Structure formats: structure tokens, C-alpha cells
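The values are calculated or read from the model by the stated rules, or taken from the named source; none is laboratory data. Treat the numbers as computed from the prediction; the structure is a model and nothing was measured. Please note: Cβ atoms are built from the backbone with ideal geometry, for glycine as well, and neighbour counts cover all protein chains shown. Just the protein is used for accessible areas: all its heavy atoms, side chains included, with ligands, DNA and RNA removed. Shrake-Rupley method; radii C 1.70, N 1.55, O 1.52, S 1.80 Å.
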Amino acid sequence: MNSKASLGLKIAAIGGLLFLHLPILLIFVYAFTTEDKSYQWPPPGLTFQWFEVTWNRPDVWQALGLSLRVACVSTLIALVLGTLCAAAVARSRFFGREAISLLVILPIALPGIITGISLRSAFNIADIPFSTWTIILGHATFCIVVVYNNAAARFRRTSASLIEASMDLGATYWQTLRFVIMPNIATALLAGGMLAFALSFDEVIVTTFTAGQQQTLPIWMLEELVRPRQRPVTNVVAMVVVLVTFLPILAAYYLTRGTDTVAGQGK
Amino acid sequence: MAEARRAPLSDTLWRRPRLLLALLITPPLLWLGIVYLGALFALLAQSFFSIDEFSGLISYELTLKTYAELLRASNLDILLRTIAMASAVTVSAAVVAFPIAYYAARYARGRWKAVFYLGAMLPLWSSYLVKVYSWKLILAKEGVLNWLFETLHLAWVLEAYLAIPVIGGNSLSVSWTGTFLVFLYVWLPFMILPIQASLERVPPSMLEASGDLGARPGQTLRYVILPLALPGIIAGSIFTFSLTMGDYIVPQIVGTSARMIGQAVYQFQGTAGNIPLAAAFAVVPIVVMGVYLTLAKSAGAFDEL
């Protein structure tokens, strides 16, 4: 048994990583190109002007604002529901427990288009007009699983005897929650919340069905992808989106690093 | 207890753990039950309605007519094409992901471990649309890939490849190869992390034992490592398969004019206004994934999710 990797394995592994990262880096170059009519490579020149142009675009700001609002509210709802669900499933055995964990996974195990079209036909039947809340309804549903996964993993590691000890020593449920349970699961919740935020901020497939005429940032980008009109602005927006999603992911990673279940392994 | 406690609620909950459980589980169950399952059933119900060919209105009579329409040649093509694409993407993703996961799990230490970990995780979470967009840039006529082939004086290789029927086309951005590449790129991280997780759990002593007992590295790989990595591969394949099957954006932006299931669902419910047929199309991935998940569960892949 070799303790050193063979050359072929090394090349395949590093080549795979490059395959994953070079395309994203490419966008960073395109954000500075002076060419605005085509996707010409290599760029004929470099400029900062598109950042200014993008900054002065009200439609981009509006889409960004809607995306941030939706992501914040969906994350909050998912945090509450996901944590409750994880607490129930982690602490006890009961009939239907397996079914519940399957139900939580289902919104991401089934293709997003199913969630999307289901919600849209339900809105139709119930005569609910499209609004920010219809978007949030969809987003919160598939964000629950992210929080649930992180919280459930942490609950499994938190020993139940800690809670029993706290109650035996006379603490109420609120005190136990506040001083024993919360400190134990706080970082897992924070990490789960960050991931849920990133997931919602970026979601497009379900959103196209639940947004009506409203534009979130991903929907703005999708229109540009289908009918490119303002390539330079799209390049800049794409680069900013990459940076905005990287921050919560890195934060989630550092928050849970060193535990046996690092946040972000599954999406 | 004789003394008066100030927390009757806590006492009640402590004595009746089932009540606590019910309090915990009810809100998420209500949400998922009403919003998600409710909507899902609303969709399923629609697939048993049909559309009146003359008036174009939905007739609310239970019928299997809409499902029969799925078997029409043009619709059957869409189903088969999508499943073929999802299978190709899944198999290739496993092949490309395995060396990365294996190296990360077995050889990467310290700083490199973090590099490999984040190296798979950042693309997993980074924006789906941005990733698709980057391939639009790469595959464009004036883009990087064509430039690369020309600079290396290999343009003829690309042309010969594009001349191949089915997988070729006028240019990469309007060919099945293009669609395939983008799918592979977008879903690859979903395959790496579960495989890596399952490989991390293989004790090195087991590989040493295999070598000591005379197995060549290839045999160790075939008979020891792969079977142990299989739950991880299956867990990853759930995502790559399901995500490819339901996607309608990638084939719309990079690919031929032939449709996949996602596009059909999108068009039938949108411009065509044929919601029953859209619903029937949407049921196919649900059924396929239902079978897939059942098989995966029996292979023990759920521990890797």
C-alpha cells in the first residue's frame, strides 16, 4: 500500500478541481472587459467603467433588494421550523419518524420544477395572487432541510443527560433552553442559517413559478441569459453574486470546522 | 413536591414528553403538510384531468387520457432523451468525482485537506445561474474554447467532433455535448462530497490488509474501495439524476432545440396552457425518483446524505 498518491491520481484530482473553478474565475475577467457586444476572448482591453454603470442601474438594485428580503424572511422561517423538526426527531423515537425525515428531504430530492409547478397550481386553485409572500412560501419550504440537517447533526452530538441534569437542578424549560440547549446548538443554527440564506438568494427554478412579474436577482440574470441585452452589466452582476454567496458559505464552514459534521456537505 | 414551583408549564412538559414532542413537531408538519404536500397533491390531481381539444379548456373529469398522451412518439422522445441525459451525466459525474474524492479523503492532509474540501463546497453553493452563464461564455463562438483550439492549431479536431451526428452540431453551444458539459459541471460537486464522506470512513488498515493479502492496487480498488464507496456514489447520484431530470434552464440556454422534461413542463403550463399534460409530465420524475430513492434506501445511501 503506497502512502503517496500515484501521478495519475494526482492529475485527475487536481484537474477535476481546476475544471470546477476555472469557469467561475473566467467571469471575474469578463467583468473588466472593454468589449460590450460579444463574448470575445481574450478581452481586447480592461476597464472599471462597468462597475459604475451597474451601480447606477435601478433595476439591478430593485432585484437585489427583493432577493435579500426574500432570503432573510425565508431563512428565519426555515430556522424556526427546521430546528423544531430536528429537536423532535433527534430526541425521541416515535411512529412516523422516518416518514418525517423523508418529508423534510423531499423538497430538495425531487426536482425543483416539481415544487415550482405544484405551488403555482396550488396558488391558482386557491386564488392566491403572486406577491413577495408567494416567493417566500416556496423558498422557506426547501430551506427547512438545510437547517434541519445541521441542527439534527448537532442534536445527535449533544448528550441528553445535559438536559436532564439541568432540569434535575431545578431549571425550567426556558432556562434549560436558554442556558444549556442554545449555547450547544448556536453555531450549528448559524451555519444552517447562512446556508439557507445562500440557497434562497440563488434560487431560480422554483422562483420562476412563484414570482409572477416580480424580479429577484436570479430572475434578472435568467432574462439576460436567455436574451442578452446588457452583457457588461450581467458580467458585473455575476461576479458580485459569486462574492456575495461565497461569504456565508465560508462563514458556515469556519463555524462548524472541527466538528464531525461540517456544514455545507449537502445542499 | 410540597413547595410551590413557579413553572407549572415545565413540570407538565417534563411529565408528559409526548406533549412536548407534539408541540415541537406540529409547526413544521403543518407547514410541510399544507404548503408542500398540499401543493404536490394539487398537481397530481391535475394530471387526471384532461384538456378539451376543441375549446382548449380543462375538463374536470377524471381520466387517464392525459397519461396516454405521454406515450405519443414526440412526448415519449422527450422522456427517453431526458432519462438518457440524466444517466450519462450521473455516470460521468461519478467517474470525474471519484479521483477528487479519493485523493481528498486518503492523501490530502492539513492545508490541502481544507483546499480540497472548500474546493468542492464553494462550487456546490455558488450561484447556479452564474455557473451556467460562465459556460455560455466558454462555449461562445468567439469564446475561450474556440480560441484555445485555434491557438493550438487543433481547430480541425473540434470540427471533426462536431461533424459526428447526434452529439455534434453547428457549434458546441447548440449541441448535446454542450448541454452535457454544462450539466456535468453544474452537478459535479453534488457527487464529490458524498463519495468523499463515504471514503473517509474506510479504515486505511483495511486497504493495507488487502495489499498484504496479495491484491494488486487495481484489485483493491475493485473489490474493497468501490463497494465501500458505493453508498456515497448512490447518494450523489440521487442529486445528479434528479437535478438533471428536472432542469429546464440549462437545455434552454446551451443545447439543441429538442426539449427535455423540464422544458416540456414549463411550456405546457405556461404558453400552451395545458396544465394537465404539464402535470402528467411532472409525475414522471416523481415516479422515477420514487423508485430510485427506494432502491437507494435499501443500499443504505441515506446515511450519506
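Computed over protein heavy atoms with a 1.4 angstrom probe, the accessible surface ordering of B:Thr256, B:Thr240, largest first, is B:Thr256, B:Thr240. Comparing B:Ala282, B:Ala42, B:Ala101 in a Gaussian network model of chain B (Cα springs below 10 Å), the most mobile by mean-square fluctuation is B:Ala42. Translational diffusion coefficient of chain A at 10 °C, 1.306 mPa s, Stokes-Einstein with Kirkwood Rh over Cα pairs, in µm²/s as a whole number. Taking Rh from Cα pairs, D becomes 75 µm²/s. The separation of segment B:135-164 from segment B:46-77, counted between C-alpha centres, amounts to 43 Å. Counting only Cβ charges, +1 for Lys and Arg and -1 for Asp and Glu, the dipole size of segment A:58-256 around its Cα centre is about 280 debye. Residue ranking by accessible heavy-atom surface, 1.4 Å probe, largest first, among B:Ser59, B:Ser242 comes out as B:Ser59, B:Ser242.
When the protein assembly as shown is described by a simple charge dipole with +1 on each Lys and Arg Cβ and -1 on each Asp and Glu Cβ, the residue from B:Met191, B:Gly38, A:Val180 located farthest towards its positive end is A:Val180. When only the Cβ of Lys, Arg, Asp and Glu is charged (+1, +1, -1, -1), the dipole of the protein assembly as shown relative to its Cα centre reaches about 1320 debye. Modelled spin-label separation between B:Val202 and A:Arg157, with each label point placed 7 Å from Cα along the Cα-to-Cβ direction: 2.6 nm.
Surface calculation, 1.4 Å probe, protein heavy atoms: B:Arg16 sits at approximately 140 Å² accessible. Over segment A:116-267, the alpha carbon radius of gyration divided by the compact-protein estimate 2.2 N^0.38 Å works out to 1.35. With N counted as the residues of segment B:17-66, its alpha-carbon radius of gyration over 2.2 N^0.38 Å works out to 1.85.
Distance from the Cα centroid of segment A:107-169 to that of segment B:187-207 is 27 Å (rounded to whole angstrom). Ligands, DNA and RNA aside, B:His153 has an accessible area near 150 Å² when probed at 1.4 Å. For chain A, the 222 nm mean residue ellipticity estimated from helices alone, with every DSSP H stretch of n ≥ 4 adding -39500 (n - 2.57) and the total spread over all residues, rounds to -24500 deg cm²/dmol.
For A:Thr33, the amide hydrogen comes within under 5 Å of the amide hydrogens of A:Thr47, counting only partners 5 or more places away or on other chains and with H modelled in the peptide plane.
The modelled label-to-label distance for the pair B:Leu23/B:Leu80, using points 7 Å beyond Cα in the direction of Cβ, is 5.9 nm.
Taking the C-alpha atoms only, the angle from helix A:132-157 to the longest principal axis of chain A is near 50 degrees.
For B:Leu23, neighbours were defined as the other residues whose beta-carbon sits under 13 Å from its Cβ, and their charges (Lys and Arg +1, Asp and Glu -1) total +3. Ligands, DNA and RNA excluded, the heavy atoms of B:Lys297 present near 110 Å² of accessible surface to a 1.4 Å solvent probe. Backbone geometry of segment B:61-66 corresponds, through the Karplus equation with coefficients 6.51, -1.76 and 1.60 at θ = phi - 60°, to 3J(HN,Hα) couplings of 10, 5, 7, 9, 4, 5 Hz, x marking Gly and Pro. Taking a ≥ b ≥ c as the square roots of the eigenvalues of the Cα gyration tensor of chain B, is the shape rounded (a/c under 1.5), prolate (a/b larger than b/c) or oblate? The shape class here is oblate. Placing unit charges on the Cβ atoms of the charged side chains and taking the dipole of segment A:58-256 about its Cα centre, the candidate lying farthest along the positive direction among A:Thr210, A:Ala251, A:Asn124 is A:Ala251. Taken as entire DSSP H runs, the helices of chain B that both span 15 Å or more between Cα atoms along their own long axis and average 0.0 or more on the Kyte-Doolittle scale are B:17-31, B:73-106, B:111-125, B:128-139, B:176-200, B:226-246, B:275-298. Once the C-beta distance of B:Lys141 and B:Arg111 is scaled by a Förster radius of 45 Å, the resulting FRET efficiency is 0.65 to the nearest 0.05.
On the beta carbon distance between B:Arg16 and B:Lys65, with R0 = 60 Å, the FRET formula returns roughly 0.70. In summary, the lysines within cross-link reach of A:Lys4, defined as a Cα separation below 24 angstrom excluding same-chain residues under 8 places away, comprise B:Lys113. Taking Cα centre as origin and charging only the Cβ of basic (Lys, Arg, +1) and acidic (Asp, Glu, -1) residues, the dipole magnitude of chain B rounds to 900 debye. Percent of C-alpha pairs per 10 Å bin in segment A:120-208, short distances first: 15, 32, 23, 18, 11, 1. Farthest towards the positive end of the charge dipole of chain B, among the residues B:Ala120, B:Pro165, B:Val254, is the Cα of B:Ala120, using unit charges on the Cβ of Lys, Arg, Asp and Glu. Local charge for A:Lys37 was computed over the other residues whose Cβ lies under 12 Å away, with Lys and Arg +1 and Asp and Glu -1, and equals -1.
Taking B:Tyr128, B:Tyr223, B:Tyr161 and ordering them by how much accessible surface each has at a 1.4 Å probe, largest first, produces B:Tyr223, B:Tyr161, B:Tyr128. Kirkwood radius for the protein assembly as shown, taken over all pairs of different Cα atoms as the inverse mean of 1/r, rounds to 25.5 Å.
Across the cross-link table entries A:Lys10/B:Lys131; A:Lys37/B:Lys136; A:Lys10/B:Lys297, which are compared at the Cα atoms, the separations over 21 Å belong to A:Lys10/B:Lys131; A:Lys10/B:Lys297.
For chain B, adding -39500 (n - 2.57) for each run of n ≥ 4 DSSP H residues and dividing by the number of residues yields -22000 deg cm²/dmol at 222 nm.
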